Amino acid sequence: MVLIYGNLLAHGILLGSLYALQAVGLNMIWGVLRVVNLSHGDMLIYGAFMGYYIWSSFHNPFWGLIIVPLLFICYACVIFPLFFQLLGKEMESLLLSFGLSYVLINAGIYIFGPQFRSLHYLEQIINIGGVYLTLNKIVSSALTVAVIVGVFIFLKYSWYGHMLRAVVEEINLAAMRGINTKFALFIGFGLAVVLTGVSGLLYSLSYAFSIFSGQQLLLKCFAISVLGGLGNMLGSLVAGIVLGLSESVLAYCIDTHLAELLSFMVIIVVLLLRPEGIFGGRR
Amino acid sequence: MRRFWKLMKWTWIARVGFIVFLYLFIYLGRPYYQSFCFSLAMFATLSMAWNLVGGFLGYVSFGHVMFWGVGAYVTAIFLKLGWSLPPALLSGGIISMIMAMIIGVSTLKLSGVYFAIGTLAAAEGLKILAAYFKNITGGGGGFYLPPVLGLQTCALLMCTVWAVFYVLLCFLLKSKHGKLIQAIRDDAQAAAALGIHVFQVRLRVFFLSAFFVGLAGGLYMINTSFINPATAFDISITVRMLVMTLLGGIGTVDGPVIGTTLYMSISELLWARFPEVHKMFLGALLIIIVLFARGGIADVARRLKVYASS
């Protein structure tokens, strides 16, 4: 009995760390451009598909850690001007991201096909005191944690991070101090897009996905962001692990369908009771 | 003043003329045109309902399809229980309104972002729920009904629902309530300061919108006699409501109707030619409208008029 719960706990935490990285991308775009990027889930799935194709051609998906950021930076260069043009217009930018999501899904059906895909890489099973884990889950979670820590250090201590935070805090004042605000916002946006792609790649290592999974991943990311407070990075980290844990426990104890429903319940209930998120923060 | 009345008269002649034209088309046309008119009236109802929330309240809903799906399922279930048609349809609308209450109470007090995601999440959640309760909804395999009405009757009913909604909306927006709605859209804080109960008005408008979408869903169910979770909560229907409204002009009474007519005609041509990618065009169209023609056709026409008169 204890062992079962140990397994659930371990899987939940590993899944939760992946969710947390996915939510960080959504949260950063919200923080930078004040838009909930509704094409977030589809960007993730594109990253995952890239991982799949890199695996099937090079037999090592970790080349993707170089290729995916390059491709996603190109994508960010194309998309950023559109979002920048609508800066501060909440409704229009929501609609824009929704249209993008729709284009991405349907282009994806055309390019990748509607089947479920999964990678078979590092599938050795490791036994840690009775807890069985596959190596790919451990590796992808370790990479996730490394990426999150790297982003925090970048935002907190690097010069670009200071610039970005200054612009997000008070755009006019930052412009007066001679900061190129458009460039600063692009740094933030590009970083978030690359993070999204990389988190998709890491997701593809250990879970099956199809082009239609994007919608659900987006909603999970949003559930995490709402739970942790929109724009609150640390909150989304904790909330991601909470969601991953409760999903795996719920799937074992009751039903897998209800585990899928959990994130929707979280959104509705949290918005009803405590819209600023359980860890505080702004609305 | 006289010019105003002249303009009003022409608008009304155009509106009534369009409704009568649709009725005649259904009476006289072949089944293909009848089914086209059914879709036209249905999507006109849906996009007008979406416009009521998205255009007049300023809250963008990405899950309006859930009321359509709920209406379809509830009507089907009550018909199967042996209810007659009118109460089954009405209960579809009313249960959609109850759904709207649950979503609205939790999100209409917050800013539009939360409303957008709340509705999106609710639609996706309902899709999973509909697949989960197999003994009520038939699960993922879908729900069958024996045919109740013929295509022509269905199309006439749909057309009637649409016409009633259209006329109701025209009068509603001229009434005191309509002025309240517009005041809230323009400046919610100022409206609240004047003593308008902002939240209550928003909730009522959301109810009205959900009710008519539910009715349209019920009629769709009666027409096709089959529904499954993937169609009932299909996000592409929400996208179509959005695109049609934006194409015609968001926040206007006639915009959605013009947009629907135009869109349906274009899409009839498009999807016959490009069956695989026509949905992609939809998304691209949405992006183009948002970036370059935010007011839709109504706005473009007004700009042209200003340009011509200057």
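Please indicate, with yes or no, whether at least one residue in region A:88-100 is more than 16 Å from the chain's Cα centre (by Cα), part of a helix (DSSP H, G or I), among the small types (Gly, Ala, Ser) and more than 22 Å from A:Ile187 (Cα to Cα).
Within region A:88-100, one or more residues are more than 16 Å from the chain's Cα centre (by Cα), part of a helix (DSSP H, G or I), among the small types (Gly, Ala, Ser) and more than 22 Å from A:Ile187 (Cα to Cα).
Just one of B:Thr107, B:Thr137 is over 18 Å from B:Tyr220 (Cα atoms), crowded, with 20+ Cβ neighbours inside 10 Å, within 14 Å of chain A (Cβ to nearest Cβ) and of a type in the set (Val, Ile, Thr); which is it?
B:Thr107
Mind listing whichever residues of region B:255-308 are within 14 Å of chain A (Cβ to nearest Cβ) and of a type in the set (Val, Ile, Thr)?
B:Val277, B:Ile287, B:Ile288, B:Ile289, B:Val290
This table checks each residue for (1) farther than 25 Å from B:Gly104 by Cβ; (2) over 13 Å from the mean Cα position of the chain (by Cα); (3) surrounded by fewer than 17 Cβ atoms within 10 Å (Cβ to Cβ).
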residue: B:Val213; (1), (2), (3): no, no, no
residue: B:Ile222; (1), (2), (3): yes, yes, no
residue: B:Thr252; (1), (2), (3): no, yes, no
residue: B:Ile297; (1), (2), (3): yes, yes, no
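B:Val205 - would you say it is under 12 Å from the mean Cα position of the chain (by Cα) and among the aliphatic types (A, V, I, L, M)?
Answer is no for this residue.
Looking at A:Phe189, A:Phe264, which is the one that is touching a helix residue (DSSP H, G or I) at 6+ places or on another chain (Cβ under 9 Å), crowded, with 22+ Cβ neighbours inside 10 Å, over 30 Å from A:Leu71 (Cα atoms) and not aliphatic (A, V, I, L, M)?
Only one candidate qualifies: A:Phe264.
So which residues in region A:181-207 are over 25 Å from A:Leu94 (Cα atoms) and at pLDDT below 90?
Scanning region A:181-207 gives A:Leu205, A:Ser206, A:Tyr207.
Checking the structure you have, find out if any residue of region A:241-259 is outside any helix (DSSP H, G or I), modelled with pLDDT under 90, within 12 Å of another protein chain (Cβ to nearest Cβ) and buried (at least 18 other Cβ atoms within 10 Å of the Cβ).
Taking every residue of region A:241-259 in turn, none turns out to be outside any helix (DSSP H, G or I), modelled with pLDDT under 90, within 12 Å of another protein chain (Cβ to nearest Cβ) and buried (at least 18 other Cβ atoms within 10 Å of the Cβ).
Looking only at region A:196-226, which residues are surrounded by fewer than 24 Cβ atoms within 10 Å (Cβ to Cβ), within 14 Å of chain B (Cβ to nearest Cβ), more than 18 Å from B:Gly118 (Cα to Cα) and not hydroxyl-bearing (Ser, Thr, Tyr)?
Result: A:Phe212, single match.
When you look at B:Lys305, is it of a type in the set (Lys, Arg) and surrounded by 21 or more Cβ atoms within 10 Å (Cβ to Cβ), yes or no?
Criteria not met by B:Lys305.
Do the conditions hold for A:Ser158, that is, is it within 14 Å of chain B (Cβ to nearest Cβ), hydroxyl-bearing (Ser, Thr, Tyr) and over 30 Å from A:Ser57 (Cβ atoms)?
No; evaluated as a whole, the condition is false for this residue.
Look through B:Leu145, B:Leu173, B:Leu120 and report the one residue that is within 14 Å of chain A (Cβ to nearest Cβ), on the phi < 0 side of the Ramachandran plot and aliphatic (A, V, I, L, M).
It is B:Leu120.
Looking only at residues in region B:123-134 that are touching a Leu at 6+ places or on another chain (Cβ under 7 Å) and either surrounded by 21 or more Cβ atoms within 10 Å (Cβ to Cβ) or at positive phi (or both), which one is farthest from the other protein chains (Cβ to nearest Cβ)?
Filtering region B:123-134 for residues that are touching a Leu at 6+ places or on another chain (Cβ under 7 Å) and either surrounded by 21 or more Cβ atoms within 10 Å (Cβ to Cβ) or at positive phi (or both), the one farthest from the other protein chains (Cβ to nearest Cβ) comes out as B:Glu124.
With respect to the numbered conditions (1) crowded, with 23+ Cβ neighbours inside 10 Å; (2) touching a residue at least 60 places away in the same chain (Cβ under 8 Å); (3) farther than 18 Å from B:Phe199 by Cα, which one is the sole condition not fulfilled by B:Ile95?
All conditions are met except number (1).
Scan (1) under 16 Å from B:Leu79 (Cβ atoms); (2) modelled with pLDDT of 90 or more; (3) surrounded by fewer than 24 Cβ atoms within 10 Å (Cβ to Cβ) for the single condition B:Leu208 breaks and write down its number.
Of everything listed in (1) under 16 Å from B:Leu79 (Cβ atoms); (2) modelled with pLDDT of 90 or more; (3) surrounded by fewer than 24 Cβ atoms within 10 Å (Cβ to Cβ), B:Leu208 misses just condition (1).
The values are calculated or read from the model by the stated rules, or taken from the named source; none is laboratory data. In this text, all values refer to a predicted model and were calculated from it rather than measured experimentally. Every residue, glycine among them, receives a Cβ derived from its backbone with ideal geometry; neighbour counts consider all protein chains shown.
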